[in-house]
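Worksheet: one structure, shown below.
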4 protein chains.
Amino acid sequence: MNKLFKEHLVVAQNASGRNMNVPLYRFVGVKPGPKVYIQSSIHGAEVQGNVVIYQLIQWLKTLPICGEVLLVPNCNPVGTNIKAGEYTLGRFDPVNGTNWNRGYYYDDAFIHEFAQSIDDEESIQSIKSRFRLKMKQQLQTRLSETWGIGLAQHLNLKLQQLAFDADYVLDLHNGPVSTRHIYVPEYAKVSASLFNIPHVIFMPNVFSGALDEATFCPWWLLTDLVSSKRKVPVDFEVEAFTLEMGSQEVISFKDGEYDAKSILTYLTAKGCLPGSSILPENMSRKAVTLNHYKTLFTQQGGIVEYIAKPGDLVKKDQVLARVLNVDNLDTDRATTDILAPCDLVAILHFPSASVLSGTQLYKCFTEYFEL
Amino acid sequence: MNKLFKEHLVVAQNASGRNMNVPLYRFVGVKPGPKVYIQSSIHGAEVQGNVVIYQLIQWLKTLPICGEVLLVPNCNPVGTNIKAGEYTLGRFDPVNGTNWNRGYYYDDAFIHEFAQSIDDEESIQSIKSRFRLKMKQQLQTRLSETWGIGLAQHLNLKLQQLAFDADYVLDLHNGPVSTRHIYVPEYAKVSASLFNIPHVIFMPNVFSGALDEATFCPWWLLTDLVSSKRKVPVDFEVEAFTLEMGSQEVISFKDGEYDAKSILTYLTAKGCLPGSSILPENMSRKAVTLNHYKTLFTQQGGIVEYIAKPGDLVKKDQVLARVLNVDNLDTDRATTDILAPCDLVAILHFPSASVLSGTQLYKCFTEYFEL
Amino acid sequence: MNKLFKEHLVVAQNASGRNMNVPLYRFVGVKPGPKVYIQSSIHGAEVQGNVVIYQLIQWLKTLPICGEVLLVPNCNPVGTNIKAGEYTLGRFDPVNGTNWNRGYYYDDAFIHEFAQSIDDEESIQSIKSRFRLKMKQQLQTRLSETWGIGLAQHLNLKLQQLAFDADYVLDLHNGPVSTRHIYVPEYAKVSASLFNIPHVIFMPNVFSGALDEATFCPWWLLTDLVSSKRKVPVDFEVEAFTLEMGSQEVISFKDGEYDAKSILTYLTAKGCLPGSSILPENMSRKAVTLNHYKTLFTQQGGIVEYIAKPGDLVKKDQVLARVLNVDNLDTDRATTDILAPCDLVAILHFPSASVLSGTQLYKCFTEYFEL
Amino acid sequence: MNKLFKEHLVVAQNASGRNMNVPLYRFVGVKPGPKVYIQSSIHGAEVQGNVVIYQLIQWLKTLPICGEVLLVPNCNPVGTNIKAGEYTLGRFDPVNGTNWNRGYYYDDAFIHEFAQSIDDEESIQSIKSRFRLKMKQQLQTRLSETWGIGLAQHLNLKLQQLAFDADYVLDLHNGPVSTRHIYVPEYAKVSASLFNIPHVIFMPNVFSGALDEATFCPWWLLTDLVSSKRKVPVDFEVEAFTLEMGSQEVISFKDGEYDAKSILTYLTAKGCLPGSSILPENMSRKAVTLNHYKTLFTQQGGIVEYIAKPGDLVKKDQVLARVLNVDNLDTDRATTDILAPCDLVAILHFPSASVLSGTQLYKCFTEYFEL
């Protein structure tokens, strides 16, 4: 049966001078096979992924794997524990505003340079091993910088050291008030239908600092460079996704079972679970390319009722939200309706009724299509 | 028809040196009658009351009143505008932690002294007028203190100057994640059934700083002193309530209609709305005395699923909540169930899944009875 | 020589489900003697006391004591680690605004009841032992409450269990921007001159929730009750102080040496350090009774230059502070001077230039006298 | 004499639905001349610049100018008013962590395109006018985006609309605990000595989102493109600087006079003040290129004494700071010294003694030279 190795990784030290660490659950199968890396809660208030990992662990106690599955719940012990009022201020470092999911490493030039070192005979397996080794040296160099590095970046690089070993990387997040959705690199389009997730965003090969990008961008670029050099398409069979498992600040053990099964479905398809025959659900999956995943900002401040719920299809000019203005309760300017600028699917909305102007009210699929 | 007078009351100045003010909507009826005072959002994240006042205003444009109704939405312009992450840090002054609803004025000794000044012949009406006048002088003295007073207390006293003129005072709040409930002074028990609110807490004559108490405690004590002196029960016909209109951080215009109608029902019964014949709904109303309204604190930290929903009846030893511990996901200590210590009604729960030990997880009715 | 016992006390659990603990350094002397309890940083941003305890530990390695000295640095692992921007939000629980230094236990009725149990023959030593035992049972009962207790109160009671054993209790704090000062119960007036601290506040027998009060109020009341019953003054020789070691958010190892020596001076006088002959410095010590320790609140918001520095003597109508108003930079209302309402010593001021109206600008000694 | 025009610019709306605005003080001289733009407090806790503008206004009442000087104090009414504890959380939007000084507009491609539109005959003056017009159209397009834009970016673009008209742009900031320093684009090196500021950072033509860069980068690139095309150097005579006027959270009217005079010295040299003959002070000015302006991050968490003060010259391996670890007060690991990695000038340090690992402890000049 699988073996479970459990350890803790120190990723920071708090103001009491004490280590802050992250639990690692590593399942190793009897047979060789791909490596899987799944982390949750890099944003401290996005906690459903921890439940998903809990449910995965229950399965993996009895379900044989090929290769290795590394599960890293609650991977940001700082972000999880910063309260501001009753809620968790988990999206960014409270000291300087740094988003906890923007400090992973990616260097275009390094990959170009590495590609130079590949001769035409080198096997895919050898390239993968060498690339991982070099990449992890890069990470170690940054972690060992004489002048030090920032807290968020340090955390990110420590996690990336683990994640870059994996063939399949899943980063579990939540939206504010949100329906389930998934970010999928365009080259792995086919995999979008292996999850039971109804909304899909296809990502280009552009790095903005997140873990999924920090995983798929290097392999994507390397694939392009080697394919172009060898004049045949090569495939490193590495994929990375960000899964948004509903809303932040809530957990559900029942939903976690469903979410875990969705991940097992993907892993089954990828050959990680030899004894499993779980198939993806037959369901509607709507998709957009990233440039059509739009943010609607408020033009005004006030108190908002979110009329369109996450997952709702909204036609152009239908009411998305209604804003109350307390200074005009007796006039017809008491309320203002915010209308859909075009046909859209509401994916998520802001979690508080009170908004300043310039608030991200909704994120929406526009120009979406069925998978 | 009613006349509407609209003005703004300056209650603070911000760090830009600018006035922060509160909108006042004063409806004055053609005929004399009682005065009503309704405020909302003294806690900045508790915003549904603003919608309720909006809906009341729509009614009062056409519904004749006797006397006067003063509506004060969004009565805390500081608390409404303090964001900490996406949520509103509205319960306390972010500078010093002072709860925005604990700085109203009450002084036992002053009331005893005032009671001395009443002779046996003085009419109830005359006593009420003189008491209000003296009380407002007390408030003004505190507001004019040479050394100044704190921000929250200043705001409270400015509002209390308006509220103490009223016969019926309603302070509109929300719980964290909460069912609708109302705080009612024991002497006004009968009024509990005039609102369409399913959960009622009966309050003793004890002052802890809130507006409802700052209204009913003085009149209650004065009633007792005068009644005891005259050896007949006197009645000043002043009542005050805190209404908790569901959960913070959300508004609903539809629910606001229902909430507004509930208030109109009360005002109808009190003779403020001569043309109205709205009657309270025939519904179950569960009540407790304040000492049986219990707070359940967590003994441990972790990530919580709130299994009992606000309004749920829970039997002793049934599961209220389940806590996940990320360091033990592979053992039977992965989850811990928090059980009901006795039969109870869950009224509200904490709004975040992430809790430290010592968090107010639930507030519950125990030893409750049907009204 | 003294023995040092070092352990950790669990006082909370964080949202990761991990224990948060407090270090305890217990020095036990060869000879019996009084017990001393010193804690620091119950307010997380007030950190100089940790340095003072560090310096005390260096001394106590070589300086023999009678009895026992228990040192508890960084006694609030939650408050120390809550950042909001670059600063530490250490004065209150960020979830609910509860001041970390207001949840200690005191119950008038319990002490009256205990006093009844004392017969005229019982020795002071026996009364002390029994009182401590009973008191700690009271604390344990509160800590074991079925419905649980709040985080701050739990922390306070765990510390109070340790502190109530001691004869001399020192709680080390800092002001915002502050000169050194000390709170001394009136019955221990003589001890004020045993510290090298230039500003002294004499406290009445009134409990507001702080550790010093939670220590001296019970003994003070018990002293009064027993003295009155026996018709001779009894003395339990218990004293408690809050020491404000300058400003929050900064530490100085050099100042810490001075502060530590000041404490050793007190302990020498109390017979805890048989080999020591350190005498208090010959210095000016100004004192007030608590009712003359005044807070000056701003009437306006704006940007402030603090002209009077902590420790400065200011005459009535001299300028304490100058406020800039950005909307009037071209007029003579650009700046407003805040004047001293009477002769005073500025003890501390607000630590930020940006203030809303109703901010605690200065705390001042008025009607002060030389010790 | 100069005319003063005073108005307010609406830049946001708060959750009460009320406009938040910025004061504009526009001095227009009798004679034509360059335009000057000076703003302060885009970071809400960095308030000394408001005093500097106040002092400049006092001068400009009597000192004739050529052209126009636009002064915009307190230019971020949101950031100024977000308190988190006693301090101002002014560096980033509390909702999402966005730095208030990173949302200005710059688009390389737009400038290349504009450069194409310049023929060889067009005068510098005409190019400047057309470029400003086009640039402001670009800004307006972004401000009018159907889906809206974020709060910080909206604020930035509204200010940039004003600033881009100017020839000389000064953005007044403060460091955390900091000596005075200035950021100067390399092409304007000569101007570094026109201010009385002892520390100078020379900036390359790289845009990272700040106002100074958003001003000098477009003109710099345009200069390069036109010069290269015309094969003679052209000069648009536009300069932009970020001035760091000491430490955040404090103001000094006296220092503000000095700072204002330093700015007048620069404006005198630039021909804005015909009647003035103020000359820069003869003083030491140390400079670095941006790549040698280094940030030292802590490797550990703890409580820190900042031994090197802002402005101090520190030799390699000298002690910069000492960190206390509360769990080891009795061992030789009680304190750890942080040493200078090389010879350096300490420019600023973190403003709190309590730090997590990965905190920006110091920013330092290395490889510095005398101007």
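So for region D:191-254, considering every pair of alpha-carbon atoms, how many percent are separated by more than 16 Å?
60
First compute the accessible area of chain A with a 1.4 Å probe, then give the percent of it belonging to carbon and sulfur atoms.
Summing carbon and sulfur atoms, their accessible area is 51 percent of the total for chain A.
Which value in deg cm²/dmol, rounded to the nearest 500, describes the helix-derived mean residue ellipticity at 222 nm for chain C, given -39,500 (n - 2.57) per DSSP H run of n ≥ 4 and division by the residue count?
Taken over chain C, the calculation gives -8000 deg cm²/dmol.
Using amide H atoms built in the peptide plane, which far-off residues or other-chain residues are under 5 Å from residue B:339 H to H?
Under 5 Å from the amide H of residue B:339 lie the amide H atoms of B:320, each far enough along the sequence or on another chain.
Give the Rg/Rh ratio for the protein assembly as shown, taking Rg as the radius of gyration of the Cα atoms and Rh as the Kirkwood radius, to two decimals.
Values: Rg = 33.6 Å, Rh = 34.9 Å.
When Rh is taken as the Kirkwood radius, the ratio is 0.96.
Can you compute the FRET efficiency between residue A:19 and residue C:125 using 1/(1 + (r/R0)^6), with r the Cβ-Cβ distance and R0 = 51 Å? Round to the nearest 0.05.
Working: r = 45 Å, r/R0 = 0.88.
That gives a FRET efficiency of 0.70.
Diagonalise the Cα gyration tensor of region C:82-148 and give the resulting equivalent ellipsoid semi-axes, square root of 5 times each eigenvalue, largest first, whole Å. Write out the running numbers ahead of the final one.
Details: eigenvalues 275, 38, 19 Å².
Working from the Cα gyration tensor, I get semi-axes of 37, 14, 10 Å.
Run the simple label-point estimate for residue D:137 and residue A:282 please: 7 Å along Cα→C-beta, distance reported in nm.
5.6
Would you mind putting D:233-241, A:269-277 in packing order, based on average other-beta-carbon counts within 10 Å, highest first?
By packing density, highest mean first, the sequence is D:233-241, A:269-277.
Using Cα centres only, tell me the gap between region C:67-84 and region A:161-187 in whole Å.
First find each Cα centre; the distance between them is then 39 Å.
Calculate the radius of gyration of the Cα atoms of region C:64-184 to one decimal place, then report Dmax, the largest Cα-Cα distance, as a whole number, both in Å.
17.6, 60
Determine the principal axes of the Cα atoms in region C:3-283, then give the extent along each, sorted from largest to smallest and rounded to whole angstroms.
Principal axes ranked by extent give 58, 51, 35 Å for the Cα atoms.
Return the sequence-ordered ³J(HN,Hα) values of region A:194-209 in whole Hz as given by the Karplus equation 6.51 cos²θ - 1.76 cosθ + 1.60 applied to θ = phi - 60°, using x for Gly and Pro.
Karplus values, whole Hz, x for Gly and Pro: 8, 9, 8, 10, x, 10, 10, 10, 8, 9, x, 7, 10, 9, 10, x.
Return the average number of partner chain Cβ atoms within 10 angstrom of each residue Cβ along peptide C:56-64.
1
In Å², what does the accessible area per residue of the protein assembly as shown work out to with a 1.4 Å probe?
On a per-residue basis, 35 Å².
Return the sequence-ordered ³J(HN,Hα) values of region A:29-44 in whole Hz as given by the Karplus equation 6.51 cos²θ - 1.76 cosθ + 1.60 applied to θ = phi - 60°, using x for Gly and Pro.
x, 5, 9, x, x, x, 9, 10, 10, 10, 10, 9, 6, 4, 8, x
Would you mind putting B:251-261, C:338-348 in packing order, based on average other-beta-carbon counts within 10 Å, highest first?
Result, highest mean first: C:338-348, B:251-261.
For peptide B:149-156, what's the mean number of Cβ atoms from other chains within 10 Å of each residue's Cβ?
Details: counts 5, 6, 9, 1, 2, 4, 2, 0.
Counting Cβ atoms of other protein chains within 10 Å of each residue's Cβ and averaging gives 4.
How long are the semi-axes of the equivalent ellipsoid of region D:12-67, defined as square roots of 5 times the Cα gyration tensor eigenvalues? Whole Å, largest first.
Computed over region D:12-67, the values are 28, 15, 10 Å.
Can you tell me the Rg and Dmax of region A:106-239, counting just the alpha carbons, in angstroms?
16.0, 51
If you average the C-alpha positions of region A:1-63 and of region D:261-333 separately, how far apart do those two centres end up, in angstrom?
Cα centroid of region A:1-63 versus Cα centroid of region D:261-333: 42 Å apart.
Among bridges DSSP assigns within chain A, what percent are antiparallel (round to 5)?
65
Given the C-alpha atoms of region C:293-366, compute the convex hull and give its volume per residue in Å³.
72
Please tell me the relative contact order of chain D in percent, rounded to the nearest whole number, where contacts are Cα pairs under 8 Å and at least six residues apart. Working shown, then result.
Working: 812 pairs, mean separation 61.7, N = 371.
Reported as a whole number, the value is 17 percent.
Using only the alpha-carbon atoms of region C:1-147 as identical scatterers, what base-10 log of I(q)/I(0) does the Debye formula give at q = 0.11, 0.14, 0.18, 0.19 Å⁻¹?
-0.60, -0.92, -1.21, -1.24
Can you pull out the buried accessible area for chains C and D, both sides counted, probe 1.4 Å, rounded to the nearest 100 Å²? Before the final figure, lay out the partial values.
Working: alone 17250 and 17260 Å², together 30290 Å².
Interface area, both chains combined: 4200 Å², rounded to the nearest 100.
With respect to the cross-link table entries A:83/D:83; A:286/A:315; A:158/C:6; A:309/D:83; D:128/D:189; C:134/C:231, which display a Cα-Cα separation exceeding 27 Å? It would help to have the intermediate numbers written out before the result.
On the way: A:83/D:83 15 Å; A:286/A:315 16 Å; A:158/C:6 33 Å; A:309/D:83 32 Å; D:128/D:189 22 Å; C:134/C:231 25 Å.
Among A:83/D:83; A:286/A:315; A:158/C:6; A:309/D:83; D:128/D:189; C:134/C:231, the Cα-Cα distance tops 27 Å for A:158/C:6; A:309/D:83.
Put simply, what bits of region C:1-24 lose 10 Å² or more of accessible area when the other protein chains are there, versus the chain on its own (1.4 Å probe)?
C:4, C:6, C:8, C:13, C:14, C:15, C:16, C:17, C:18, C:21, C:23
Quick one: which residues, 5+ away or cross-chain, put their amide H under 5 Å from the amide H of residue C:9? H built at 1.01 Å from N.
Amide H to amide H, under 5 Å and 5 or more residues apart or across chains, residue C:9 pairs with C:22, C:24.
Could you work out, residue by residue across D:32-45, how many beta carbons of other chains sit within 10 Å of that residue's beta carbon, and then give the average as an integer? Don't jump to the answer; show the numbers that get you there.
Numbers: counts 0, 0, 0, 0, 0, 0, 0, 0, 1, 4, 0, 0, 4, 6.
Neighbouring Cβ atoms belonging to other protein chains average 1 per residue here.
Using the Karplus curve 6.51 cos²θ - 1.76 cosθ + 1.60 with θ = phi - 60°, work out ³J(HN,Hα) for each residue of region D:302-307 in order, rounded to whole Hz, and write x for Gly and Pro.
Residue by residue, region D:302-307 yields x, 10, 10, 9, 8, 7 Hz.
The values are calculated or read from the model by the stated rules, or taken from the named source; none is laboratory data. Computed from a prediction, not measured in an experiment: that's the story for all the values here. Cβ: placed from backbone, ideal geometry, glycine included. Neighbour counts: every protein chain shown. Side chains are part of the model used for accessible areas, which takes the heavy atoms of the whole protein and leaves out ligands, DNA and RNA. Shrake-Rupley method; radii C 1.70, N 1.55, O 1.52, S 1.80 Å.
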